[in-house]
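Throughout, read-outs are computed from the coordinates displayed, never taken from laboratory work. Predicted model only: the values in this text are computed from it and were never measured. Glycine gets a Cβ as well: all are built from the backbone with ideal geometry, and neighbour counts include every protein chain shown.
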DNA sequence: CTTGCATATGCATATACTTGCATATAGTAT
DNA sequence: ATACTATATGCAAGTATATGCATATGCAAG
C-alpha cells in the first residue's frame, strides 16, 4: 500500500493531477520508487473512494480536462499513521545478478555485454543525479528541513550509483579478464 | 517472469524441492531477489505445466512427501533464451526514502527512530555477508567461473550495505543534528 | 509530410505477489 | 506442560503491478 502513501507525500507540496504526479515520480521519488501512470490513476481512484484525496475537474478546451487532486484531512491522518508504522525492509530485484549466478553455465560474452550496458546505465544516472545535486543542493548544511529529506534521497541515489558503477568494473574485470576496460564517454 | 528464471538458475546446481529452493533463495539469491515459499510453489506448478521442469515424488513416512524438481531440456532452452534478452533495470522500493520526503511535515523523532532501525539492519546484513565472504571466498582471483558469479553477487551485497550504512549516518547527522551518534554494538 | 512526443485520462486484461488458512509430525526451548 | 520451530506442501482470496489499447490535439523535428 505504499504507492498510495508516496502519492500522499507528493501531494503535501501542492495539489496535482495524476499526470503531474507521474512525471514527478520519474523525476524525484522515482529514484527509489517507480510507478507507471496507469498505476497512479488507479491508485488515485481508490484513494478518492477512501476519502484520502478530493478531486476537482478543471476544464480545458484544447486538451483533455485536468483532474486535480488534493490532500484531505483524512489523507493527512492516513499519512501520519503510516509514518508511525515501521518500514518494510527495502525490496530489490536485480535480474542481472540472477544471470550472473548462471555464470559458467551460460554464454559469457552475453553477460559481459549486459554488464557493459548496466555500467552505462549507472553512469548516466550518476551524471543526472550529480547535475541535479549541483543545481539544487549546493550547500546541504543550510537546507530547510523539507529540502533535507529530498537531498537525502538524491544523496543515496548518488552513493548507490557510484557503488554499483565501481562494482560493474570489478565484475567486468573478473568475468572478462582479457577484455579492454570500457572507458567510453 | 523473472522468478521462474531465478528458479531455473538455482536448479542448474542440482534438482531441488520447493522447500529447498525457498531456503536457498533466502541464503543466496535472496540478497537481490526475495520470494516467499508460496510464490515458489505456485511458480513451480506453472513451470511444470510449461515443461520447464519435471518432478518426482519421494515418499517419506514421518514427514510430508518431497517433490523434487529438475531442469528439463526445455527449461534449459528457456534459460538460455532469457539470458539473451536484455535485463530490466533494477527495481527498487525504498519506503524509508518516501518517508524522508515528508521530512518537515511529519514527526521527526519517528523518522530518526526509523533511520536507527535501518542502520542496525544494514549493519547486521553487512556482518552476515562479510562472514560468508571470509568463509567461502577468501581468494576471489582464483575462483571457478561458477563461483565467480556467486562471489559477485555477494560482493555487490557487501558494497551496497556499506554504502547504505554510511548514508544512514549522514542522514542521522542531518535529520537529528543534536543527537548522539548511535554506536551500539 | 509523417513520425513521434507532450498533454491528459481511463478501461480491460494479465501477471505477480501477499496473506491467511489447512494439514501432519517431531524435536527443542521455556 | 506449552509454545515455537523445522520439515513439506498446497488452496483460496486478495492486493499490487504491468501491458495493451483507446481517445483527442497541437507542436516540433526529421
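Treat chain B as a sphere of radius equal to its Kirkwood radius over Cα pairs and apply Stokes-Einstein at 10 °C in a medium of 1.306 mPa s; give the translational diffusion coefficient in µm²/s, rounded to a whole number. Walk me through the intermediate numbers first.
On the way: Rh = 19.4 Å.
It comes out at roughly 82 µm²/s.
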Peptides B:52-59, B:147-154 ordered by average Cβ neighbours within 10 Å, highest first = B:147-154, B:52-59
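Suppose a student asked you for the relative contact order of segment A:29-76, using Cα pairs under 8 Å spaced at least 6 residues apart; what percent would you report? Let's see the in-between values first.
Details: 41 pairs, mean separation 14.3, N = 48.
It comes to 30 percent, rounded to a whole number.
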Calculated FRET efficiency, residue A:112 and residue A:84, Cβ-Cβ r, R0 30 Å, to nearest 0.05?
-> 0.05
Report the residue, chosen from A:143, A:159, A:174, that carries the largest GNM mean-square fluctuation when chain A is represented by alpha-carbon nodes joined by springs under 10 Å.
-> A:174
What order do you get for B:41-48, B:84-91 when each peptide is scored by the mean count of other beta carbon atoms within 10 Å, highest first?
-> B:41-48, B:84-91
Please compute the Cα-Cα pair-distance distribution of the protein assembly as shown with 10 Å bins starting at 0, giving whole percents from short to long.
-> 5, 20, 27, 25, 16, 6, 1, 0
Taking a label point 7 Å from Cα toward Cβ, how far is residue A:91 from its twins in the other copies, in nm, shortest first?
-> 0.8
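Assuming 0.36 nm per residue, please report the length gained on full extension of the stretch residue A:27 to residue A:76 beyond their Cα-Cα distance. Walk me through the numbers on the way to the answer.
On the way: separation 49, 0.36 × 49 = 17.64 nm, distance 2.35 nm.
Taking residue A:27 through residue A:76 to full extension adds about 15.3 nm, to one decimal.
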Kindly give the distances from residue B:42 to its copy-mates, label point to label point, with each label point 7 Å from Cα along Cα→Cβ, as nm values to one decimal ordered shortest first.
-> 1.4
Taking chain B and dividing mean pair separation by its residue count, relative contact order in percent (alpha carbons under 8 Å, at least six apart) | 18 percent
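What is segment A:79-166 by shape, rounded, prolate or oblate, if you read a ≥ b ≥ c off the alpha carbon gyration tensor as root eigenvalues and call it rounded for a/c under 1.5, prolate for a/b larger than b/c, and oblate otherwise?
It is oblate, given that a/c is not under 1.5 and a/b is not larger than b/c.
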Rounded if a/c under 1.5, otherwise prolate or oblate - segment A:30-100, Cα gyration tensor axes | oblate
Exam field: residue A:30 pseudo-label spacings to other copies (7 Å along Cα-Cβ), nanometres = 3.4
Spacing of the two label points (7 Å from each Cα toward its C-beta) at residue A:34 and residue B:63, in nm | 3.8 nm
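Going by a ≥ b ≥ c, the root eigenvalues of the Cα gyration tensor, does segment B:1-66 fall in the rounded group (a/c under 1.5), the prolate group (a/b larger than b/c) or the oblate group?
Values: a/c = 1.83, a/b = 1.30, b/c = 1.41.
In terms of gyration-tensor shape, oblate.
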What spacing in nm lies between the two simple spin-label points modelled at residue B:14 and residue A:162, each 7 Å away from Cα in the Cβ direction?
-> 4.3 nm
Beta carbon of chain A nearest to the axis of the rotation taking A to B, residue and angstrom distance | A:163, 2
Percent antiparallel among DSSP beta bridges confined to the protein assembly as shown, rounded to 5, stands at 90 percent
